[in-house]
């Protein structure tokens, strides 16, 4: 990429905004995913009886909905990021592109 | 370098004796007994082969340039790519291995599958779109973007080839065992068929054929698994509680029959509803989790798929689709595993004299297919399992071939002056070589326990490829020297620690129990740390003139990785 194009993008306040917002959002969501997964793994490692607690009179344990919830959370958090990136961040990117690529 | 090192390690492992089952780490397909020839399954598989060969013919007509060969010309949509990525991930080992793990351990199987899933959001948040914006054909394009090309490419190609080699051997041995089991063919015939068909797909159809084979297989596998899970749930009136209750009853009955007291038998039956022995100590748990989570973000054949879509938007959509399908698939395998407890373990038709599954532990899903859908559906699932391996090895071979032709030949040897036709020729020659090597190693490793190989591939990907990729993209002070030294340290430490871990040192190499120097199930926690610290330390110490250039290049790289402005459009024609 030519240097002046880079300089022009760098000067665009929308670029700084895009970079800061997306990076913050991405790292927060990464942290959330790590907390959920490693929380689950540590629960498995340290408190097995809790996960084997029965829900009500049947044999279904609390571990089952928790496990499924981790799977659902993984898909939903990905969807959450992609939705915002494909609308908000891409709109910002297009504005920057149309401003600098004239 | 690492081809020689690899040869030495493989040689060291090659002559060592037989082994018993290792821990779950590798979704091992295990040793299998040859079964009577299954013509229904062979017929269905033949249909799949004919169909995919037509696709390859169509793809071959479209595969003219290097960009077509490596990335299908960038013309794959996010939805299609999502299915293809999911297909790469839903290997035969994960379909048969996880459903078998659920049948044996219940909840433990779920823990295992969750580990494979949770890397995807991290890939999405930190890497997917940046990869698409910076790269063209291979992940080395991204890792070497602002660095001195030769050393970084050599490292990336080594990382790719080592990961591909271990993954490929695991798949080939799995294919041979599985086909012996499902089709009643000889082991070596199965391995040769897989090698030959895979070469045809990759050689003639390049990424286009490889992607479509993977998409078709993913659809067939998802449809077949959905049908099985549906039949199981339908039997229990769509009540998971009824299914769990029956499974606990079956497991308790088995324990009682083995001579346990009623109270012990009931406790053992109920143990499938909670975590058991799968995760023993927290360090192994975290380390194993890291290998699975970050290994996903460093597998070359998966990373390559991000370059087959036209832009960052489609790249993000692909991971969302992939995550959705994979998550859905793991829920299905969980239901299938419980279905196997209730349908297969209760039916003497599927059991041997000792109460084990006919054909070995990994037959859970296959027998269940027979139980819920009869012989024709059994043939269908067997054919899909074969197709699965075929599609995965094609993707692996393609990524190995592009590391050699694009990174080593074109960039390192020809200094970027190779023309597209010559590069394409080199990648085709490499494809043939990799195919032959895969067949030979597949046959050589027939009797070996290869359970550790898939988890080793994940550990190397997490400790070598992922740190270099992440630091080069996100850390401005990263330099060529830091990336290369840190990357090789991560690579070497993950291989060495695996070699002296219980799964290899004791189980595969046959040393005395307790003699392994490294006590944990996975090296990732340590080797990833070594990789990251190595990159950081040697970058900070780097005061060379190159390092000034490396750091100065960060801003321009970041602008492009964030905006995609200036990125090659649909992988540039």
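Screening residue A:99 against (1) over 25 Å from residue B:124 (Cα atoms); (2) touching a helix residue (DSSP H, G or I) at 6+ places or on another chain (Cβ under 9 Å); (3) more than 7 Å from chain B (Cβ to nearest Cβ); (4) without any contact (Cβ under 8 Å) to a residue 40 or more places away in the chain leaves a single unmet condition, (4). Candidates B:189, B:169, B:193: the one that is at negative phi, modelled with pLDDT under 95, in contact with a helix residue (DSSP H, G or I) (Cβ under 6 Å, 6 or more places away or on another chain) and part of a helix (DSSP H, G or I) is B:169.
Just one residue in the set B:386, B:350, B:380 is touching a strand residue (DSSP E or B) at 6+ places or on another chain (Cβ under 8 Å) and more than 14 Å from every other protein chain (Cβ to nearest Cβ); that residue is B:350. Yes or no: region A:47-62 includes at least one residue that is buried (at least 21 other Cβ atoms within 10 Å of the Cβ), free of Cβ contacts under 8 Å to residues at least 24 places away in the same chain and part of a helix (DSSP H, G or I). No: region A:47-62 contains no residue that is buried (at least 21 other Cβ atoms within 10 Å of the Cβ), free of Cβ contacts under 8 Å to residues at least 24 places away in the same chain and part of a helix (DSSP H, G or I). Among the residues here, residue B:483 does not qualify as within 14 Å of chain A (Cβ to nearest Cβ), over 17 Å from residue B:287 (Cα atoms) and not in a loop (DSSP other than H, G, I, E, B).
Of the residues that sit in region B:254-286 and are within 14 Å of chain A (Cβ to nearest Cβ) and surrounded by fewer than 17 Cβ atoms within 10 Å (Cβ to Cβ), which one is farthest from residue B:233 (Cα to Cα)? Ranking the qualifying residues of region B:254-286, first place goes to B:283.
Inside region A:1-24, residues that are facing another protein chain (nearest Cβ under 8 Å) and part of a helix (DSSP H, G or I) make up a count of 9. The residue list B:566, B:514, B:553 contains one member that is more than 24 Å from the chain's Cα centre (by Cα), within 14 Å of chain A (Cβ to nearest Cβ) and without any contact (Cβ under 8 Å) to a residue 40 or more places away in the chain, which is B:566.
Listed here are the residues, each with its yes/no results for (1) closer than 30 Å to residue B:347 by Cβ; (2) free of Cβ contacts under 8 Å to residues at least 40 places away in the same chain; (3) crowded, with 23+ Cβ neighbours inside 10 Å; (4) more than 14 Å from every other protein chain (Cβ to nearest Cβ).
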site	(1), (2), (3), (4)
B:174	yes, no, yes, yes
B:186	yes, no, no, yes
B:208	no, no, yes, yes
B:242	yes, yes, no, no
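Quick check: anything in region B:147-165 in a loop (DSSP other than H, G, I, E, B) and surrounded by fewer than 24 Cβ atoms within 10 Å (Cβ to Cβ)? Yes; the residues of region B:147-165 include at least one that is in a loop (DSSP other than H, G, I, E, B) and surrounded by fewer than 24 Cβ atoms within 10 Å (Cβ to Cβ). The set of residues in region A:74-89 that are touching a helix residue (DSSP H, G or I) at 6+ places or on another chain (Cβ under 6 Å) and surrounded by fewer than 19 Cβ atoms within 10 Å (Cβ to Cβ) comprises A:79, A:86. Considering A:75, A:70, A:41, the condition of being part of a helix (DSSP H, G or I), within 16 Å of residue B:108 (Cα to Cα), modelled with pLDDT of 95 or more and facing another protein chain (nearest Cβ under 7 Å) is satisfied by A:70 alone. Can you confirm whether region B:298-321 contains a residue that is more than 10 Å from chain A (Cβ to nearest Cβ) and within 26 Å of residue B:103 (Cβ to Cβ)? No: region B:298-321 contains no residue that is more than 10 Å from chain A (Cβ to nearest Cβ) and within 26 Å of residue B:103 (Cβ to Cβ). Taking the listed residues B:522, B:561, B:547, the one that is surrounded by 19 or more Cβ atoms within 10 Å (Cβ to Cβ), closer than 14 Å to residue B:144 by Cα, within 14 Å of chain A (Cβ to nearest Cβ) and touching a residue at least 40 places away in the same chain (Cβ under 8 Å) is B:561, with no other qualifying.
The values are calculated or read from the model by the stated rules, or taken from the named source; none is laboratory data. For clarity, every value in this text was computed on a predicted model and none was experimentally measured. Every residue, glycine among them, receives a Cβ derived from its backbone with ideal geometry; neighbour counts consider all protein chains shown.
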